[in-house]
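Since the structure comes first, as structure tokens, the remarks are kept for the end.
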Amino acid sequence: MPATPDDDPPAAASEAPSTSSAGAAAAADEDDRVFLVLHRWWREAQERGGIEAAGVPYAAAPSGPTSYGIGMKVLSMFISDQAFTLRRADDLLQPDASASAAASSRTYALVAADLFSKARAWHIDSGKNAGKKSLSIEEGSVNIYPIMLRVSVTRDTNALTVKISKKDNSAENFKRANKILTADSEPVHIWDFSGRTTFILMNEWNRMPQDTRSSDQEMPLEIHFYDLSEPTANGTNGKKDELALTMSCSMSNGSIMGMDLDSSGSSKQVGTGLIGLDNLGNTCFMNSAVQCLAHTSKLGELAYSFGDLLRKLWALDRTPVAPRQFKGKLARFAPQFSGFNQHDSQELLAFLLDGLHEDLNRVKCKPYSEAKDSDGRPDEEVADEYWGNHIARNDSIIVDICQGQYKSTLVCPDCRKVSVTFDPFMYLSLPLPSTTMRTMTITVFNTDGTTGPSPYTVSVPKSGDTKTLIDALSIACSLKGDERLLVAEVYNSALIRYLEEPSEVISLIRDGDRLVAYKLPKDSEDAPIVVFRNQRMESTLTSFGRKSWKSFGTPLVSSLPDTINGSTIFDLYQKVMTPFRVPKDDSSDADHIIGKSSPVEETTDVDMNSDATESTSINNNDCDDETMTEDGMQFYLINERFPDQRMKIEMDQPIRLTASQKRLHVVVCWQDNGLEQYNFSSLDNLPEIYKAVLFSRRPQETCSLYACLEAFIKEEPLGPEDMWYCPGCKEHRQASKKLDLWRLPEILIIHLKRFSYSRYTKNKLETCVDFPVHDLDLSKYIGSRGQQISNHYRLYAISNHYGSMGGGHYTAYVYHEGKKGWYDFDDRHVGPISEESIKTSAAYVLFYRRIQGDDNRLDDTETGIDSSDCTT
């Protein structure tokens, strides 16, 4: 299944040069590459060519669940990582065992570049001297493929874990590496003559003894596989080419007419194609996908079972077909589709298209080509180079009609390095706008005492950062030019985290979290602040009626002036509490203090974040009336890390912060009579970031297909799990990524990403997408302007999904060229449907065919179909 790559492909190795000359040998001496070759090829050169080198034998085995009996060509499409374990196989050091293993086609040798050059030179010279063609001489028959591995060590067993990832390798090289290391009928052994495994083991054991990390300490290792397979000439290949010709049948306005589907090769008349498929038990996903593909021009068989199913669907007899044989073949090659559980029609489509391509690929011996960096070259030149390399290895009717090309641009946020690649696609997976954005509710507090807190709801990209969130919130709350926002997370009536790093991703913020933002003067960005926490006496179920001090409400914040004392702290608190005060006629002067202590002569240096602060623990008798304000409050400095450590604040006592202290934390202890003078309801009930309402039906969301395209090509930062290795910085960076369409296929398949997955939830979006039926115009989305082909498309099939995730039902809508109308394929039931009824919120996969020139182009506005026709 095609995937959108986030990283540049690893640097590919060029064909190793012949070392017959002294210059080539000198170059090889400076080459630090390692090559993986057949052991018998290496052993022959080593023994007869007098190459001295000692090797260490290893046995390879899968790490974790095995996959024996499953074709790796199919399985690797659905696995992003494979892991294998290499363990010492010292029994192979015995002469008899060594000779037996060396003759095996599953025994390989890992050799350094200089040894590889000597061995290859010996084989070339020996082939010339023998007067015969050597495989090593023919450039077209030998390929070198770069494979990136990640190796880690398990200390207690001295075993090596080798991980192969699709992120590090091309799809073909990923499959090739898995084929090399997977033991089918005989074990796999690897002899290391390069010393790399010994180096990795020594490097692990030379680390500090207390460093107990093992398998998560990965070391990258790039090897170059020297493929000595017998070449197969490109071109035709009996049955497969006949199969391709069978599928490339005569066309009439996109219908399948006069298909040569008879096994004897004779012409056979076909029917209308309006035949249903029986539901064999949760196989509606398969029926929907097959019906869409069956009505796709020039498309044919996945092996012979799919071709047989096509013949039945286009037979004159319109009896519904039970696709048991096809499902059995499908389960054999793709076990994930076995049984009778519900599956995803888009995943099946991806498997079928990839399998069709592999079966019908006209290229039998795939040449190796190096992916070069753009290096400022024109996009047209680079795109054509990438496409040429792709076509040289992939040439089938699927590529001809279903594959396009997009441009991927990565920009390093630090060194501004730009990497441009051009990659093929089989279909476009478009996000729905609601899946790329999230709504977040944050409560904003004024710190000047003028107004109370107000919640604001903003819409920001899911992949956005703190800066994006604060910018959106600043607009929503009408932040003035001389103000700034301090955003923090509240938990248990305390500020537990400050969102001060602009590049921090907001995906780490959960919907159930509570965020607050405080408006502060912009000119005091470097000035310290004071954070007030409120506490009152409460009893709990476990305290047996005894009361203790408990925090309540939301902390309040204010900027600190240069000179601070106890009265300053009290005045600042009274100011931020002004909006919460209950009005009364005989309110007394706010700054009247009962029991104000006499001035102290010494200044107290305060660093309550220090573990060594001398303080006392508060108890129920600490808040006595003698030192209380008339509002029933008493103030304590507390340690942010250890809140129970506190120091009573005297009103005239000067307070001086240390140079490194950014925040002063103050606890305000309240008596019951003081609590009655304020309304704390807005401080006690902060809204969550997003509150999902159970069993409530959201209003129908609508968007256009063009909005989905805009979301697809929008520049976004990569997530923290998809960091890009910048060749300029030599570090993994959270680069920005931009996609652009470059080359469009004849058949354009669009997958609407309705299903979203997270660690805890699964969700289906019922957004109704308003998609064009008669004229999807993609002209402005194409980066390549030089192609003289139409960028207009007409819809001809839809795969629909009704219901929720993990269940529901699939159907298909198909436009029949012969009948000039739309038909509803619901398993075995087939019937006409009006064009006005095909736009629903169930549309999941859209199938478009390019409009050639002015081929009956009809604008959708002329049909009377608009987004209001979208139904659920």
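Calculate what fraction, in whole %, of the accessible area of the range 499-540 sits on carbon and sulfur atoms when a 1.4 Å probe is rolled over the protein chains.
43
If each residue of separation counts as 0.36 nm, what is the full-extension length gain between D373 and K691 once their alpha-carbon separation is subtracted?
Result for the pair: 109.8 nm of gain on full extension.
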(request) Under 1.5 on a/c is rounded, so check that first for the range 412-480, then, if it is not, pick prolate when a/b is larger than b/c and oblate when it is not; a ≥ b ≥ c are the square roots of the alpha carbon gyration tensor eigenvalues. (result) oblate
(request) Once you have a ≥ b ≥ c as the square roots of the Cα gyration tensor eigenvalues for the range 380-447, tell me rounded if a/c is under 1.5, and otherwise prolate or oblate according to whether a/b is larger than b/c. (result) oblate
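Which net charge results when you count Lys and Arg as +1 and Asp and Glu as -1 among the other residues whose beta-carbon is under 13 Å from that of S559? Don't skip to the end; give the middle numbers.
Details: positive: R484, K519, K522, K575, K662, R663; negative: D448, D482, E483, D523, E525, D526, D562, D571.
That sum, taken over residues with Cβ under 13 Å, equals -2.
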(request) Whenever you get a sec, compute what percent of the accessible area on the range 314-384 sits on carbon and sulfur atoms (1.4 Å probe). (result) 49
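The values are calculated or read from the model by the stated rules, or taken from the named source; none is laboratory data. Just so it is clear, the structure is predicted and the values come from calculations on it, not from any experiment. Every residue, glycine among them, receives a Cβ derived from its backbone with ideal geometry; neighbour counts consider all protein chains shown. Only protein heavy atoms, including side chains, enter the accessible area calculation; ligands, DNA and RNA are left aside. Shrake-Rupley method; radii C 1.70, N 1.55, O 1.52, S 1.80 Å.
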